[in-house]
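These notes are about the structure you will find just below.
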Amino acid sequence: MVCLDFEAVYKSYYLDVYRYVRSLSAAQDVAEEIAQETFLKAMKAAGTFDGRKDIRAWLFVIARNLYYNYCKRQKIYADQSLADKGDPKTFADVRFEPARTLIERERVAYIRQYLEEMDEPYRKVFRLRVFGELPFEKIGALFGKSPGWARVTYYRAKKRIALYMEGFEND
């Protein structure tokens with residue numbers, strides 16, 4: 001059993017957890033609520049954390065489970081597209097001319113939709129790397145695999161997205 005200073009854990013990892021949940025949910029208020037709830041649940045379950053795994057990965061697992069439970073309660077399907085959720089400004093505040101902004105929003109929505117349709121473990125590895133900003137070593141450890149496996153899986157996911165977008169942009 002590891003003694004955790006939850007104030008330090010919260011300060012160190014809140015933004016990471018928030019970004020990860022935000023990658024799952026396009027709704028900012030939902031992401032904030034679930035990120036906060038993640039730390040409450042982690043504090044209650046602190047006795048189960050033995051310190052052998054990365055604390056950020058542990059928090060991500062809690063956050064993911066809370067998000068899926070939220071979706072079940074709200075009867076929201078986790079694979080809904082960004083457009084269905086009504087918030088096209090997911091990744092950045094885009095400041096281009098209106099036509100270009102519209103194209104970028106559409107591209108982000110298609111990438112997000114494709115990401116939701118992607119097979120496991122590609123989807124999870126891609127999300128953990130891009131949105132969770134986890135290193136390959138930690139991603140591999142989460143899956144009980146090597147960092148090389150995580151790296152290959154991430155690049156395969158990235159390649160699939162690129163091929164999908166090529167087809168989208170050629171149409």
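The values are calculated or read from the model by the stated rules, or taken from the named source; none is laboratory data. Only a predicted model underlies this, so the values are computations on that prediction, with no experimental measurement involved. Backbone-built Cβ (ideal geometry, glycine too); neighbour counts: all protein chains shown.
Miscellaneous remarks
- Test: residue in segment 94-101 that is in contact with a helix residue (DSSP H, G or I) (Cβ under 8 Å, 6 or more places away or on another chain), at pLDDT 60 or above, surrounded by 13 or more Cβ atoms within 10 Å (Cβ to Cβ) and of a type outside the set (Phe, Trp, Tyr): no
- Filter pass, Leu115 being of a type in the set (A, V, I, L, M), farther than 20 Å from Lys53 by Cα, under 16 Å from the mean Cα position of the chain (by Cα) and modelled with pLDDT of 75 or more: yes
- Look at (1) surrounded by 15 or more Cβ atoms within 10 Å (Cβ to Cβ); (2) modelled with pLDDT of 50 or more; (3) not hydroxyl-bearing (Ser, Thr, Tyr) and you find that Glu106 fails only one, number (1).
- Val9 vs. criteria farther than 20 Å from Val125 by Cα, β-branched (Val, Ile, Thr), in contact with a helix residue (DSSP H, G or I) (Cβ under 8 Å, 6 or more places away or on another chain) and surrounded by 13 or more Cβ atoms within 10 Å (Cβ to Cβ): yes
- Where a residue in segment 13-27 is crowded, with 21+ Cβ neighbours inside 10 Å and modelled with pLDDT under 85 and its partner, wherever it lies, is in a helix (DSSP H, G or I) and small (Gly, Ala, Ser), with Cβ under 6 Å and at least six apart: Ser25/Ala31
- Residue-level check: of (1) outside any helix (DSSP H, G or I); (2) modelled with pLDDT of 90 or more, Thr153 misses just (1).
- Cβ pairs under 7 Å, 6+ apart, first in segment 38-56 and within 13 Å of Tyr14 (Cα to Cα) and surrounded by 15 or more Cβ atoms within 10 Å (Cβ to Cβ), second at pLDDT 80 or above and among the charged types (D, E, K, R): Arg56/Asp16
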